[in-house]
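Input: a single structure, listed below in structure tokens.
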Amino acid sequence: MTDKHPDIIPATPAGLARAGEALRKGDLVAFPTETVYGLGGDATDDRAVAAIFAAKGRPQFNPLIAHVPDLESAEAIAVLDERAVELAHQFWPGPLTLVLPRRAEAGLSLLVSAGLDSVAVRVPAHPVAQALLKAAGKPIAAPSANRSGAVSPTAPHHVIESLGDRVSMVVAGGKCQVGVESTVLDLTGETPVLLRPGAVLREEIERLIGPIQLSAGNPDAPKSPGQLESHYAPNVPVRLNATSAEEDEAFLTFGPDRFIRGGKARLNLSLQGDLNEAAANLFAHLRALDQEGARAIAVMPIPDEGLGVAINDRLRRAAAPRSQKTGTQGGGPARQNNRR
């Protein structure tokens, strides 16, 4: 990789037309969604999809999400049963990904599904993402626009810091509103399975379609992104459930922190204890603390309710032991237990 940076282009009609043309040519384009910035490639082009894996250093057994602009486009590439249609009407466009049987005639690269007969599909709500999908005229495979296992990007400069010239251009769309990746629900079996928590809550889904199971998880054969044991990780170790920090640690806090002590650097996810604000700030704050030269990042407890379930899922994976298999780089083993 060279020192050349990708172009950051505005989300104007001309800029979106240029980005859509680049996607049709097989180039990789980063773009905003309401969750995080995605690294987009033509989901029907084997070379483009392979380039996504290469750019991220992503294990090829890890499936990608195909982004489409609407329900009709989703039905062209996947089989939606009554449950899927009901959820789509309620939550699309929005931060919900459905894992569905893939249509044989869909023309999707098999790399998108990692060889499975299913495909993960989402209709994003961000207006820039919607406009880009329509400009491209193709389903776009788009994992988070960062190296595999690292902290997800929620602003254009995060993409450039992580990927550099591995992406041809970044469509600017400001800060991502939600800040954590989409909820992923597997509907390929009789019983729905929650593969990844996100902004669409389990309780909201169950009110519509009844009980769903939680995934036991198989990091060696994931059915969707975000299931690898070590993921979303900074370069330094992450320590969870911390009530204080050592002087050589950075400290990620939550809620009123005027009595909190320790840490060479400190950022608060939400002084008011607002989980929506905390989710929006999570990845940007982890990135900022990762650059403070601290030995580790200590993280205060986050309530495990509502959107806190998704936040804690990302933090547990950020703190998991690192391995070459997951694609996570640097940091060494993380400590997860509170010592204080």
Which of the listed residues, Pro93, Leu110, Ala125, is farthest toward the dipole's positive end in the chain, when Lys, Arg count +1 and Asp, Glu count -1 at the beta-carbon?
-> Leu110
Distance between modelled label sites at Ala288 and Arg207, nm, 7 Å Cα→Cβ extension = 3.3
Beta bridges per DSSP with both ends in the chain, % antiparallel, nearest 5 = 40
Which value, in Å to one decimal place, does the Kirkwood hydrodynamic radius take for the chain when every pair of different Cα atoms is included?
-> 20.0
Find the accessible area per residue for the chain; the probe is 1.4 Å, ligands and nucleic acids are left out, and the unit is Å².
-> 40
Identify the residues of segment 125-154 with backbone N under 20 Å of a label point that sits 7 angstrom from the Cα of Arg47 along the Cα-to-Cβ direction, or state none.
-> 136-142
Going through segment 15-124, which chymotrypsin sites (Phe, Trp or Tyr not before Pro) have at most 16 other Cβ atoms within 10 Å and a DSSP loop state?
-> Phe61
Shape call for segment 89-178, from the Cα gyration tensor axes a ≥ b ≥ c (a/c under 1.5 means rounded, otherwise prolate when a/b beats b/c, else oblate), comes out prolate
Accessible carbon and sulfur surface of segment 24-104 relative to its total accessible area, %, 1.4 Å = 47
State which helices in the chain qualify, where a helix is a whole DSSP H run, it must extend 15 Å or more along its own axis by its Cα atoms, and its mean Kyte-Doolittle hydropathy must be at least 0.5.
-> 46-56
Considering the alpha-carbon set of segment 151-194 alone, what are its Rg and its Dmax in angstrom?
-> 15.3, 44
How much length, in nm to one decimal, is gained on full extension between Ala76 and Asp117, taken as 0.36 nm per residue of separation minus their Cα-Cα distance?
-> 13.3 nm
Could you grab the relative contact order for segment 267-326? Cα pairs under 8 Å, six or more apart, rounded to a whole percent.
-> 28
Which of the aspartates and glutamates could be linked to Lys25 by a straight reach, that is with a Cα gap under 14 Å, when you skip same-chain ones fewer than 8 residues away?
-> Asp42, Asp45, Asp46
Loop trypsin sites (Lys or Arg not before Pro), segment 235-280, which have at most 15 other Cβ atoms in a 10 Å radius of their Cβ (DSSP) = Arg258, Arg261
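The values are calculated or read from the model by the stated rules, or taken from the named source; none is laboratory data. Quick caveat, the model's predicted, so the values are computed rather than measured. Using ideal geometry, Cβ is built from the backbone for each residue, glycine included, and neighbour counts are taken over all protein chains shown. What goes into the accessible areas is simple: the full protein's heavy atoms, side chains included, and nothing from ligands, DNA or RNA. Shrake-Rupley method; radii C 1.70, N 1.55, O 1.52, S 1.80 Å.
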